[in-house]
Each structure stands twice: as structure tokens, then as C-alpha cells.
Amino acid sequence: MRISPKLSPYLYILPAFVIILCFRTVPIVGSFAVSLTDFDIGGLHGFVGLNNYARMLSDARFWHSVSNTVYFVAGVVPASMVIPLLLAMLLRGKLMGKSFYRTIYFLPVVTSAVAVSVVWTWLFNPEAGPINRVLGFLGIDPLLWLREPRGVFAMILQPLGINLEGVISGPSLALVALMVVSVWKSIGYNTVLFLAGLENIPHTYYEAAKLDGGRTWSTFRHVTLPLLSPTTYYVLIMTTIVSFQSFALVYVMTPPPGGGPLGTTNLVVFYLFRKAFDRFEIGYASAISVFLFVVLLSLTLLQRRLAGRRVHY
Amino acid sequence: MLLPFLWMVGTSLEQGGLSNYVEAWTAVPFGRYFLNSILVTVLTVVGVLITSSLAAYSFAIMRYPGRDVLFLLFLSTMMVPQPVYLAPSYVILSKLGWINTYLALIVPWTANVFSIFLLRQHFRTIPRSLYEAAVLDGCSRLRFLWKIALPLSKSVIATIILFNVIGSWNSFMWPLVVTHSEELRVLQVGLSYFNQEQSTNYQLLMAASTFCTMPLLLLFVAAQKQIVSSYARSGLKS
């Protein structure tokens, strides 16, 4: 069989194209379409317009999952940037033992989120877990960790006689525990990105700064940070997007049906998963996934706009 | 950073030592889960290598109408995170009758846009004159891909293999959703169910976590330099 040379470039793409079309493009477009229907366990009933979105707006559990997610992202992202940046500054230029350090901080990155979650669940165990034992040595009362529904702001301020309730009581201690694990897991990747970024800064800049008598802090502030900004910007976007989608941590550490004590670790993706696959409310779940997509897309665009003014290439 | 791992191994050896490992391994069919994970990972990676090299070759070297539009269409799917299209994917798979089959675990992941992108960028560095001369000499396009383009791209291929092995081995949400029966459980799903069943038996849980992390840990130790530099490059290129 002879294939016309005009046709063959398309044949090379065909296998990838079929897969991408069937399992990416169609379901992505499909999630918009399905969100306008009342697709549930009995199948497709019909077009319902924006009903699913209206339901979403008045669904208290959904908004709880949104505020949990906002706390989660707001806690994880800064820590996942500052710690790796400090680590990268410390490790930069070190030749001795570089591979040793690299092994240590990169190990959590390649370890599965499920295994990581199982291990940390044990570390946070209130009765016999190592973290409470260490706190005991330091004379601190054991904490409930993954079973603690109270907000951390409320817990800190309560001894001072200030009582906080609702959203302003802060993320629950259980959610903070999940943040710790998430940060721990992302440190390695972000450190590697910052190290690569630092290595790209030409040495001449530092020599010039030295000649001008720049001190460590001012060199960092005026040379390193501006020249590192493309990396910083990339790390910021990636960490935000990834932490927004956290699922395995919630599923394994605060297992279903819960979403944590009093639903305080119920993050948006976990809620979407429960609606879609426990309740099989595919139409409603699709509305939530469209919401998720719009939020992630606008965050990316917003960060790009803000960074456009600051990033120096 | 290492403490959680040390505690994992330490706890797994408490009260019974290595017998915890035997007990965890036999409590549920972990052997089966391992085989499932190996099968899924190997077939996924082989599929990705085939589809990516063909597509990247076409996008990088050939000239034809619609090429750039098609490439953009591919790239645009990379922007959408997996949870967004999970529910409709499930509907598609059930229409195909693939729910609870190996096909559902493997086929949707045998094309990977990021891998196509990486390989395309590398293929573009191959001088066009080399390709044109080879074609003039009667070398077929597939032969050029197999004999010249791919051998010139060993380090990118290694990166693609590593990323997809790690991604496929660690994937959790997808296999959790598209399979139900125990025979089809991959390691991550199996470990998560084991965690729910044995929630108080921490020695067994830590033993299971240890042997579940072992394969990637060994891979990491063996290919540490390559893995870390692949991750570093992935950031710079995006």
C-alpha cells in the first residue's frame, strides 16, 4: 500500500491526536456541556440551563470547601516558596555533598502522595504518634491534629479571651496538618527550580555588586531577586495550581465520607470527587469543575499580568 | 526532611520486626497490586514513547497546512487540570464499556502533550538539511526517525521515560475512579484501601508504605542526577 506523501504527516500525528481528542478535548468541552444538564445516576434527563450553577451558589458545603481551599492555598504557597528559596541560597555553589542533600530534599517529590499521606497520618496520630510524643518531651499538651475541627486562629486567641467563630476562626488544625505535608512534599521540586534559576544568573553581576561594596542583603535584594524573578514567577504559578488541586492528601489522611473533622479539610477537588463518584451527580460535579477551571485560569492570567510589570528577563 | 522516612521504617520494624512485612504483604494481595502497577506503567510509557515520537517528528520536521493550529490545539489541553475533566471522562469510558478494565487505566494516558512538546523542541535542533539529504538519498521518513532523529535524542527520551514512569506509578485519582474490583487495583489504590482497613495497625501500615515506596526510591537512587536535572529543565522550558 502506498500512502500519498501529502497525507502522511497527518498519519504521524493520528495516534496522539485520537487519544488527546477522546480523552482530553472531548471531556474538557463535555464538562461545560454536562454542567448545563441534570446528568445523574439515572443517566441524562435533560437540559436545565444554569440550575447547577444556581445550586452551587446556595450550597453551603460547597462554599465551605472553597474557603478551606483558599486557606490551604494561602498557607501552602508562601511557605513552599520561601523555604526552597532559602535552601537554594544555602546550597548554591556547594560541590561537596551536593548529591547527598539533593537525595534528601528530593525524595518526597518522587514518593507517591498516598504513601506520604499514610506515613504522615501516623506521625500526626493523637494517641501514640511521634509528633505528640515530641511535644510531650517539650512539655506541650498533645494536640488532636487530623481530628481537630477548631480553627487555629481561634485556638491561639482563646486563652486571651477572644472568641472567633465561622470563617475568621481560621483553617482547622487538621487542615494546617495537611498544609505541612503539602509544603514538605513540594520543597524539593521548588528548591531544584530555584537552584537552576540561580545558576542562570551570570557571575559578572555578583562581581559588579561586590566591587560596588554591596552587602549580602542588598545584593540579594537588588541583584538576586530581580534576576531570579522569571523562576519565582513560574514557581508561584505552578505551586498555586498544584495546591489548588490537592486530593490524595485529603482522601487518605481524612478519609471519606468525611473530608475531615466537621468538613474542615474538605477541599474543592475532594468535594467535586464526592459529588461525581459517591453521589453520581455528574451534572452538578461538572458545574463545580467549570468553576475550578475558571478560577485556575483567572489566577494564572492575573499572576501573569501582575508579574508582567515585575518580571525582569 | 528525612525524618518521616526514618520514622516510617522505624515503626515498621517495631513489635515483630521483619514479620510485619510478611504479614502486610499477605494481608491483602499486594503482589497483584504490584503486577498491576508494573503492567500499567510499562504499557503507558511504551505508548507515550510511540505516540510522542511520531507526533513530535511530524510537528518538528514536516511542513503541511494546519500544522501549527493542530500543535496549539494539543498544547491548549495541557492547561486544563485533570480534576476538571474527570467526570466527563468517566462517562466516555463507561460508554466505551471500559470502566473497570486495564484499557481505562492505560489507553487515555498513552499520549502525553508535555512529552510531545519536549521531543518536538529537541527535534527542531536537528538540521533540516540533514533530513532533506537523507530523503533525497531514498531514506524513508520512518527510517530517518528511527535511525537518526531518535538516537540523537537519548537524553530527552530518558527524561520522558522518567516523568511518565513517576507519573503513572504514583497516579491515584484516576485508577481510584475508573476501577472497582480488587483484581484491578494498582498499588496506590491498594495502599489507600489497606490504610482504611488497618487504620490502627501502624506497624503493618508503615511496612506496606515502605515496600510501596521502594521501587521509585531505588529508581531515584539509581538515576538521581538525571531525575533532578529533568525536573529542573522542565521548569525552565515551560
Problem - Value of relative contact order over chain A, rounded to a whole percent, pairs C-alpha under 8 Å and six or more apart - result: 29 percent
Completion exercise
Tilt, helix B:154-170 to longest principal axis of chain B (alpha-carbon atoms), in degrees rounded to tens, equals 30 degrees
Exercise for the section: If a/c stays under 1.5 just call it rounded; otherwise compare a/b with b/c (prolate if a/b is bigger, oblate if not). Do that for the range A:66-110, with a ≥ b ≥ c from the square roots of the Cα gyration tensor eigenvalues. Expected result: oblate
Practice task
Using the structure shown, select from B:Lys95/B:Lys154; A:Lys94/A:Lys210; A:Lys185/A:Lys210 the pairs with a Cα to Cα distance greater than 29 angstrom.
Solution key: B:Lys95/B:Lys154; A:Lys185/A:Lys210
Problem - Projected area, mean over directions - the range B:22-74, Cα convex hull, nm² - result: 5.2 nm²
Practice task
Among A:Thr103, A:Asn68, A:Phe32, flag the residue with its Cα farthest along the positive direction of the charge dipole of the range A:13-150, charges on Cβ as +1 for Lys/Arg and -1 for Asp/Glu.
Solution key: A:Thr103
Problem - Between 0 and 90°, nearest 10: helix B:202-222 axis offset from chain B longest Cα axis - result: 30 degrees
Practice task
Find the accessible area per residue for the range A:38-310; the probe is 1.4 Å, ligands and nucleic acids are left out, and the unit is Å².
Solution key: 48 Å²
Handout entry: Mean Kyte hydropathy of 0.5 or more with a Cα span along the axis of at least 30 Å, helices from DSSP in chain A
Key = A:60-91, A:173-199, A:282-310
Exercise for the section: Keeping every protein chain in place, order A:Leu236, B:Leu205, B:Leu13 by accessible area at 1.4 Å, biggest value first, i.e. largest first. Expected result: B:Leu13, A:Leu236, B:Leu205
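Carbon and sulfur atoms: what percent of the 1.4 Å accessible area of the range A:56-102 do they account for?
Ligands and nucleic acids excluded, carbon and sulfur give 75 percent.
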Fill in the blank from the handout: Inter-chain shielding metric for B:68-80, i.e. average beta-carbon neighbours from other chains within 10 angstrom, reads 4
Completion exercise
Checked the range A:91-227 with the C-alpha gyration tensor, a ≥ b ≥ c its square-rooted eigenvalues, rounded below a/c of 1.5, otherwise prolate if a/b is larger than b/c and oblate if not; verdict prolate
Practice task
In debye, nearest 20, what is the charge dipole magnitude of the range A:215-312 about its Cα centre with +1 on Lys and Arg Cβ and -1 on Asp and Glu Cβ, if you could check?
Solution key: 520 debye
Completion exercise
If exposed means GluC sites (Glu not before Pro) lying in a DSSP loop and surrounded by at most 16 other beta carbons within 10 Å, then the longest stretch of chain A lacking such sites spans residues A:166-313
Exercise for the section: Per residue of B:221-234, count partner chain C-beta atoms within 10 Å of its C-beta, then hand back the mean as an integer. Expected result: 4
Handout entry: Apportionment of accessible area to carbon and sulfur, the range B:14-237, percent (1.4 Å)
Key = 65 percent
Fill in the blank from the handout: Rounded to two decimals, the Debye log10 I(q)/I(0) of the range B:170-235 (Cα scatterers, no solvent) at q = 0.16, 0.25 Å⁻¹ is -0.71, -1.03
Fill in the blank from the handout: A correct Kirkwood calculation over the Cα atoms of chain B returns a hydrodynamic radius in Å of 20.3 Å
Handout entry: Cα centre as origin, Lys/Arg/Asp/Glu Cβ charges: the range A:38-310 dipole, Debye
Key = 800 debye
Practice task
From the P(r) of the range B:52-135, can you give the percent of Cα pairs sitting at distances over 16 Å?
Solution key: 63 percent
Problem - Where Rh is the Kirkwood radius over Cα pairs, Rg/Rh for the protein assembly as shown - result: 0.98
Handout entry: Helical mean residue ellipticity (222 nm; -39500 (n - 2.57) per DSSP H run of 4+; nearest 500) of chain A
Key = -21000 deg cm²/dmol
Fill in the blank from the handout: Taking every alpha carbon pair in the range A:44-154 and sorting the distances into 10 angstrom bins from 0 up to the bin holding the longest one, the percent per bin comes out as 10, 21, 31, 21, 11, 5, 1
Handout entry: Fluctuation leader among A:Ile83, A:Ile162, A:Ile131 - chain A, Gaussian network, Cα springs under 10 angstrom
Key = A:Ile162
Problem - Protein-only accessible surface order, largest first, of A:Leu198, A:Leu90 at 1.4 Å - result: A:Leu90, A:Leu198
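Rounded to the nearest 500, what is the 222 nm mean residue ellipticity of chain B from helices alone, with -39500 (n - 2.57) per DSSP H run of 4+ residues and division by all residues? List each step's numbers first, then the result.
Working: 14 runs with 175 residues, N = 238.
It lands at -23000 deg cm²/dmol.
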Exercise for the section: Evaluate the charge dipole of the protein assembly as shown about its Cα centre and quote only its size in Debye, nearest 20, assuming +1 on the Cβ of each Lys and Arg and -1 on the Cβ of each Asp and Glu. Expected result: 2040 debye
Fill in the blank from the handout: Once phi for every residue in the range B:79-86 is put through the Karplus expression 6.51 cos²θ - 1.76 cosθ + 1.60 (θ = phi - 60°), the whole-Hz ³J(HN,Hα) values, with Gly and Pro written as x, are 6, 9, x, 3, x, 5, 10, 5
Fill in the blank from the handout: Sorting A:Asp278, A:Asp40, A:Asp141 on solvent-accessible surface, 1.4 Å probe, most exposed first, gives A:Asp141, A:Asp278, A:Asp40
Practice task
Determine the shielding of peptide B:92-105 by partner chains: average, over its residues, the number of Cβ atoms on other chains within 10 angstrom of each Cβ.
Solution key: 1
Practice task
Starting from the Cα coordinates of the range A:38-310, work out the convex hull volume and express it per residue in Å³.
Solution key: 183 Å³
Practice task
Putting +1 on Lys and Arg Cβ atoms and -1 on Asp and Glu Cβ atoms, find which of A:Leu306, B:Trp109, B:Ala24 reaches farthest to the positive end of the dipole of the protein assembly as shown.
Solution key: A:Leu306
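The values are calculated or read from the model by the stated rules, or taken from the named source; none is laboratory data. From a predicted model like this one, the values you see are computed outputs, not experimental measurements. Note: ideal-geometry Cβ built from the backbone for every residue, glycine included; neighbour counts use all protein chains shown. Quick note on the areas: whole protein, heavy atoms, side chains included, nothing else; ligands and nucleic acids left out. Shrake-Rupley method; radii C 1.70, N 1.55, O 1.52, S 1.80 Å.
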